[in-house]
Amino acid sequence: MTTQQTGPQQWAAVDEYAEERLIGADEVLAAALADADAAGLPQIAVAPNQGKLLNLLARMQGARRVLEIGTLAGYSTIWLARALPADGALTTLELDPAHAAVATGNLARAGFADLVEVRVGAARDSLAQLAAAGTEPYDLVFVDADKASIPHYLRAVLPLTRPGSVIVVDNVVRGGRLADPDSTDEAVRGVREMHELIAAEPKFDATTVQTVGTKGYDGFTLIRVEG
């Protein structure tokens, strides 16, 4: 009898198998990751299969306008931008000017210089500015920024969405620590507070899905904004 191998090595092998057959090599995305490494950015971009999931969700949603919180080097931004029509728009918020500079170059090389706006500064400020400007609602929001601030981000993006908008929040399971009520980790406390906020907000209908793969053990929360 063959013993089934489990654990990080097997998770990565399954990711690699699926990515080879369902995604394939991509020079633009590979160059974006290479530029991020060359600039010394942290290696925390979404995995290729996760990027493809974002792309599929945006296309299934028929998204024309996308908001991203947390740009890094623009890897996930490129995946999302590829899902948009020619008259679409993507706004991505990045705190670090150095990260934003790398992302801007990657997006230009990918052909999205005119479709994507990279806003530099604290996301709290940028979100407030978007709301004050009466920005047209976004069809899809991807939140991949500091987890301690996630509850604030969710409250701030609600006025920037419409009934039927979709919000995806990444890295919420934290290696299983999401279930630990005694955690003192600010990121864990942030995602736990986020779940309480969702449960109390009638305009949010959501689920959280655990994932394993090349990025380890984590997961994401998928939210639909109700009327």
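The values are calculated or read from the model by the stated rules, or taken from the named source; none is laboratory data. Every value quoted in this text rests on a predicted model; they were computed, and no experiment measured them. Glycine gets a Cβ as well: all are built from the backbone with ideal geometry, and neighbour counts include every protein chain shown. Note: areas computed on protein heavy atoms with side chains; ligands, DNA, RNA excluded. Shrake-Rupley method; radii C 1.70, N 1.55, O 1.52, S 1.80 Å.
Exactly one of (1) surrounded by fewer than 18 Cβ atoms within 10 Å (Cβ to Cβ); (2) closer than 25 Å to residue 61 by Cβ is unmet by residue 80. Its number?
Exception for residue 80: condition (1).
Specify which of the listed residues (86, 113, 128, 98) is within 16 Å of residue 157 (Cα to Cα), free of Cβ contacts under 8 Å to residues at least 60 places away in the same chain and more than 16 Å from the chain's Cα centre (by Cα).
After ruling out the rest, the residue left standing is 128.
Just to be sure, is residue 177 free of Cβ contacts under 8 Å to residues at least 24 places away in the same chain, over 25 Å from residue 84 (Cα atoms) and surrounded by 18 or more Cβ atoms within 10 Å (Cβ to Cβ)? Walk me through how you get there before you give the answer.
Values: free of Cβ contacts under 8 Å to residues at least 24 places away in the same chain: yes; over 25 Å from residue 84 (Cα atoms): yes; surrounded by 18 or more Cβ atoms within 10 Å (Cβ to Cβ): no.
No: the conditions fail for residue 177.
Scan region 131-146 for residues that are in contact (Cβ under 8 Å) with a residue 12 or more places away in the chain and either in contact with a strand residue (DSSP E or B) (Cβ under 9 Å, 6 or more places away or on another chain) or hydrophobic (A, V, I, L, M, F, W, C) (or both) and jot them down.
131, 135, 136, 137, 138, 139, 140, 141, 142, 143, 144, 145
Report whether or not residue 26 is over 21 Å from residue 145 (Cβ atoms), among the acidic types (Asp, Glu) and open to solvent by 70 Å² or more (accessible area, probe 1.4 Å). Write out each step before concluding.
On the way: over 21 Å from residue 145 (Cβ atoms): yes; among the acidic types (Asp, Glu): yes; open to solvent by 70 Å² or more (accessible area, probe 1.4 Å): no.
It is false that residue 26 is over 21 Å from residue 145 (Cβ atoms), among the acidic types (Asp, Glu) and open to solvent by 70 Å² or more (accessible area, probe 1.4 Å).
Which numbered condition trips up residue 227, out of (1) at pLDDT below 95; (2) out of contact with any Lys or Arg (no Cβ under 9 Å at 6 or more places or on another chain); (3) surrounded by fewer than 18 Cβ atoms within 10 Å (Cβ to Cβ)?
Going through the list (1) at pLDDT below 95; (2) out of contact with any Lys or Arg (no Cβ under 9 Å at 6 or more places or on another chain); (3) surrounded by fewer than 18 Cβ atoms within 10 Å (Cβ to Cβ), residue 227 breaks only (2).
Mind listing whichever residues of region 138-155 are aliphatic (A, V, I, L, M) and open to solvent by less than 10 Å² (accessible area, probe 1.4 Å)?
Scanning region 138-155 gives 140, 141, 143, 150, 154.
Okay, residues lined up against (1) of a type in the set (Ser, Thr, Tyr); (2) touching a Leu at 6+ places or on another chain (Cβ under 6 Å); (3) open to solvent by less than 10 Å² (accessible area, probe 1.4 Å); (4) closer than 28 Å to residue 48 by Cα:
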| residue | (1), (2), (3), (4) |
| --- | --- |
| 136 | no, no, no, no |
| 157 | no, no, yes, yes |
| 162 | no, no, no, no |
| 170 | no, no, no, yes |
| 188 | no, no, yes, yes |
| 192 | no, no, no, yes |
| 208 | yes, no, no, yes |
| 216 | no, no, no, yes |
| 222 | no, no, no, yes |
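If residue 34 meets every condition in (1) of a type outside the set (Lys, Arg); (2) under 24 Å from residue 166 (Cβ atoms); (3) free of Cβ contacts under 8 Å to residues at least 60 places away in the same chain apart from one, which number is that one?
Just one mismatch for residue 34, condition (2).
Anything in region 120-130 that is out of contact with any Phe, Trp or Tyr (no Cβ under 9 Å at 6 or more places or on another chain) and either basic (Lys, Arg) or open to solvent by 50 Å² or more (accessible area, probe 1.4 Å) (or both)? List them, or say none.
Across region 120-130, the qualifying residues are 120, 125, 128, 129.
Can you find, within region 55-71, the residue that is nearest to residue 99 (Cα to Cα) among those that are open to solvent by 10 Å² or more (accessible area, probe 1.4 Å) and touching a residue at least 60 places away in the same chain (Cβ under 8 Å)?
70
Can you name every residue in region 89-118 that is within 30 Å of residue 227 (Cα to Cα) and either surrounded by fewer than 17 Cβ atoms within 10 Å (Cβ to Cβ) or modelled with pLDDT under 95 (or both)?
If the condition is that a residue be within 30 Å of residue 227 (Cα to Cα) and either surrounded by fewer than 17 Cβ atoms within 10 Å (Cβ to Cβ) or modelled with pLDDT under 95 (or both), then 117 is the only one that fits.
Tell me which helices (runs of 4 or more DSSP H) are completely within region 108-227 and hold 1 or more residues being among the charged types (D, E, K, R), closer than 23 Å to residue 93 by Cα and out of contact with any helix residue (DSSP H, G or I) (no Cβ under 8 Å at 6 or more places or on another chain), or say none if there are none. Before you say what the answer is, go through the steps one by one.
On the way: elements: 123-132, 150-157, 186-200.
Per the criteria, 123-132.
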